Every structure is written in structure tokens, then in C-alpha cells.
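Below: one structure, written as C-alpha cells.
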Amino acid sequence: MVQDIIQYLSTHPGILAALLLFCFLALVGGWYVIHHHLKLILVTLLCAGGFASGVLVAYRGVKGDMRDLVAIGLFLIAIFPVIFTQALKTSKIAYGSSRPSPTDKGHARRAGV
């Protein structure tokens, strides 16, 4: 199958060039996002994961009739948005500005900070 794809791309140089251009632009875009927004991506993923785990724990507590799991799940659901907001505020303080850094503007606007 790989040989068929290579043969097809060798007979269609326009498609090969478009594919290579697409891959190059994807690599440049991925490098830019990781280089400039890695901190924010990590904070967002960790807080979203914590919130989702809180929802799962609360759901399992309700299904299993375990009130302690429901309490832990509700605590996680409540605490991770607070952690996310505090991370945004901390990044504003770290940059020495009353406004969020350019990398945090979108999340700050959505969080109402």
C-alpha cells in the first residue's frame, strides 16, 4: 500500500508539492503554538482534566450511592475553575502589567478577568 501511495505521488507532482507545503506549514504552526503558548496550553489542559475527573468522580458516586465520592467530585468541579482563574491572575502579576500577557488575552476574556 505504501508503494502504491509513493507511485501515485511520483506521477502527480502537484499533489506531492501541495502535501509537502501543507506538512511544512503544519510544522511551523505547531512550533509557533508550542513556543508561544505552552504555559497556557498546559494550564488549560490540566484544569480541564481536573474538572472532567471531578465530573466522573461525582457521576460514579451518584451511580454507586457513595456520598463521599459525590462530595469529592463536587469539590473538584468547584476548585479547578478557581485554579484556572488564579493561574491567569498570577500570569498577569508575573508580567508586571495590569493587563494579561498577549498569550493570556483570549483566556482572560473568556474567564472574565
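Scanning segment 79-92 for residues being open to solvent by 80 Å² or more (accessible area, probe 1.4 Å) and over 19 Å from the mean Cα position of the chain (by Cα) gives a total of 0. Here residue 65 meets each of (1) of a type in the set (D, E, K, R); (2) over 18 Å from the mean Cα position of the chain (by Cα); (3) at pLDDT below 70 with one exception, condition (3).
Scanning segment 30-47 for residues being in contact with a Phe, Trp or Tyr (Cβ under 8 Å, 6 or more places away or on another chain) and surrounded by fewer than 16 Cβ atoms within 10 Å (Cβ to Cβ) gives a total of 1.
Residue pairs whose Cβ atoms lie under 6 Å apart, separated by 6 or more positions or on different chains, with the first residue in segment 11-35 and assigned to a helix (DSSP H, G or I) and the second surrounded by 10 or more Cβ atoms within 10 Å (Cβ to Cβ), are 16/9. For residue 56, the test of being farther than 30 Å from residue 6 by Cβ and at pLDDT below 95 is failed.
Listed by first and then second residue, the pairs linking a residue in segment 67-78 that is surrounded by 13 or more Cβ atoms within 10 Å (Cβ to Cβ) to a residue that is among the polar types (S, T, N, Q) and assigned to a helix (DSSP H, G or I), with Cβ atoms under 7 Å apart and 6 or more places separating them unless they lie on different chains, are 76/53.
The values are calculated or read from the model by the stated rules, or taken from the named source; none is laboratory data. Predicted model, so just to flag it, every value in this text is computed and none were measured. For neighbour counting, all protein chains shown are included, and Cβ atoms are generated from backbone atoms with ideal geometry for every residue, glycine included. To get the accessible areas, we keep the full protein, side chains included, count just its heavy atoms, and leave off ligands, DNA and RNA. Shrake-Rupley method; radii C 1.70, N 1.55, O 1.52, S 1.80 Å.
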